[in-house]
1. What longest region of the chain stays clear of trypsin sites (Lys or Arg not before Pro) that DSSP places outside H, G, I, E and B and that have at most 12 other Cβ atoms within 10 Å?
2. Which of I68, I227, I23, I124 has the fewest other C-beta atoms within 10 Å, and how do the rest follow up to the most?
3. Say each of M176 and L13 gets a label point 7 Å from the Cα, pointing the same way as Cα to Cβ; how far apart are those two points in nm?
4. Using a 10 Å Cβ count of at most 13 others and DSSP loop calls, identify the longest part of the chain lacking such chymotrypsin sites (Phe, Trp or Tyr not before Pro).
5. Using 30 Å as the Cα-Cα cut-off, could you pick out the over-long pairs in K105/K194; K105/K224; K187/K216; K65/K216; K65/K139?
6. Which of M70, G135, I160 sits closest to the plus end of the dipole of the stretch 69-272, meaning its Cα is farthest towards the positive end, when Lys and Arg get +1 and Asp and Glu get -1 on the C-beta?
7. Taking 41 Å as R0, compute the FRET efficiency from the Cβ-Cβ separation of L50 and T223 and round it to 0.05.
8. Can you tell which of A195, L145, V82 lies farthest toward the positive end of the dipole of the chain, using +1 and -1 charges on the Cβ of basic and acidic side chains (Lys, Arg; Asp, Glu)?
Amino acid sequence: MRTQKKIKIGTILIYVVLIMWAITTIFPFLWVFNNSFKPSSEVIRSSFSLPQEFTWMNYSNAFSKQNILMAYRNSLLISGTVTIGVMLFASMMAFGLTRYRFKGKGIVQMMISASLMFPVFSTIIPVFRMMSEWGLLNKNVAVILPQIAGNLSFATIVMIGFLASIPLEMEEAAYMEGANVFQVFAKIIVPLCKASLSTVAIFSFLWSYNDLFVQKIMIRDRTKYPISSLLEEISSKYGTDFGLMAAAVTLIVVPVLIVYIFLQKNIIKGLTAGAVKG
């Protein structure tokens, strides 16, 4: 009975802590969402109360004056391309590093792991000069290429951890049946790696979507701004219009929440897949 009481009390305490943590995490978004339906003057007076004067004006201004839809298109194009590129290259790199033996393999793996220690800020100057010399500035590809390179190390490590746990018997049987390496990769490896690929896709998409630093450096043309750059401009140019800022933040966060809600299970599956062998 004492053991059962201790377990129940401990479980209650755990749930209380988790509920408090969830509240502190969700509350800022609810606060912003609530203020997005208020005029700026009301946000200043009472930002924690329900709207006294419910209005859609902030959202109307965000779409009509700030060109949110064009920024959405640019962000989805950049982030979608980065996600696909990272998934493709990371899975191919992991396949080569786990299935083939070659000179310098250990050095390559060490360099991939070491590259995680270098922040994007330390390489942005040579990357900017490279994009400038290639004539790619103010184009989406100037953001896509650095973001793919920046995500590859983490994605490759995740994929290596998963592929190392997959037995070789299925691949050997496929080779004996006459399949080539490309068929093995496309028809056996890729289907088995859905959990890890989902994790790579989620993290790559969210990181690219929220990467304001590279976007501001590479794209100076306002008509080609991704959504994060547009929000930064709104906050600096219309800093006193808190209602407009709240509406813009809500519109920017919604796609991220949708992606996470539908794919959250794959994050845990992908990160834990391959962690335990046998």
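Just so it is clear, none of the values below were taken in a lab; they were calculated from the coordinates. Everything numeric here is computed off the predicted structure, so don't read it as measured data. Cβ placement follows ideal geometry from the backbone for every residue including glycine, while neighbour counts extend to all protein chains displayed.
1. With trypsin sites (Lys or Arg not before Pro) excluded where exposed in loops, the chain gives 104-219 as its longest stretch.
2. I23, I124, I68, I227
3. The answer from the label model is 5.6 nm.
4. 135-278
5. Check vs 30 Å cut-off fails for K105/K224; K187/K216.
6. Highest projection toward the positive end goes to G135.
7. E(calc), rounded to 0.05, equals 0.65.
8. A195
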